[in-house]
Amino acid sequence: IALVNALENANLLNDLDTGKHIKRVSTYSAFLAEKYGCDGDFVRRIKLYASLHDVGKVGLADTILKKPGKYSRHEFTLMQQHVLIGAKMLDSPEIDVMAKNIALYHHEHWDGTGYVHGLKGENIPLEARIVALADTYDALTTERVYKSAFSEEEAEQIIAEEAGTHFDPKLVEIFLTHKQAIREMKGFVDLIL
């Protein structure tokens, strides 16, 4: 837990919004894992490690991380490296492999079009599939330097449309079934931070 806290604090050096984002993603991920039917140990671990999904961004320049507007092809290639940097940071026999899986695979897509390994379907570790959905939902509904926030309805529609392409269809079904509870979690997490 101390290691996770230290790495979360490294992420917080970017800005307070990052701190709120990683707490919300952890909360949503634990909820989705529980509803998926994962056991209590899995739920506890994903709640702990989901906050490390973007830890590799500490290795990227602010000119990339905080760039307003779209990335060039070269800049996007640089951005993709955060998953490899994060996995390298977490590559130790003393660190739960779930943490590394989340950092490395949370940008893989159900249909194999994600990055960086092009994994497909259930070849993507479940923890990474869960965090991918939680991370995307939070990113869509939160204002960023490069975009305005989408409404909850717009975000839910985007996620629904990407079932079976970007996201595990079973996870999307769970998300949509429990969307009101997830909306409420967002407000609660923001209040306590």
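Read-outs: derived from the displayed coordinates by stated rules, not from any lab. If you're wondering where the values come from, they're calculated on a predicted model, not measured in any experiment. Don't worry about glycine lacking a Cβ; one is built from the backbone with ideal geometry, like all the others, and counts go over all protein chains shown.
Comparing segment 43-91 with the 2.2 N^0.38 Å rule of thumb, its C-alpha radius of gyration ratio is 1.30 (two decimals). In terms of the mean number of neighbouring beta-carbon atoms within 10 Å, the peptides 57-63, 67-73, 28-34 order highest first as 28-34, 57-63, 67-73.
Over segment 60-127, the ratio between the Cα radius of gyration and 2.2 N^0.38 Å evaluates to 1.21. Its DSSP H runs of at least 4 residues, each contributing -39,500 (n - 2.57), put the calculated 222 nm mean residue ellipticity of the chain at -19500 deg cm²/dmol, to the nearest 500. Working value for segment 66-177: equivalent-ellipsoid semi-axes of 23, 20, 13 Å, each the square root of 5 times a Cα gyration tensor eigenvalue, largest first.
Across the chain, the fraction of Cα-Cα pairs farther apart than 26 Å, rounded to a whole number, is 26%. Counted residue by residue at 0.36 nm each, then reduced by the alpha carbon distance between them, the extension gain from Tyr146 to Asp41 reaches 34.1 nm. Taking amide hydrogens as placed 1.01 Å from N in the peptide plane, the amide H of Arg144 sits under 5 Å from those of Ala149, each at least 5 positions away in sequence or on another chain. Once segment 113-193 is represented by equal point scatterers at the alpha-carbon sites, with solvent omitted, what log10 I(q)/I(0) does the Debye formula produce at q = 0.22 Å⁻¹? So the normalised log intensities work out to -1.11. Mean separation of Cα pairs under 8 Å and 6 or more residues apart, divided by the residue count, gives segment 20-85 a relative contact order of 31 percent. Can you pull a Stokes-Einstein diffusion coefficient for segment 22-62 at 4 °C (1.567 mPa s), Rh from Kirkwood over Cα pairs, as a whole number of µm²/s? Roughly 121 µm²/s, to the nearest whole number.
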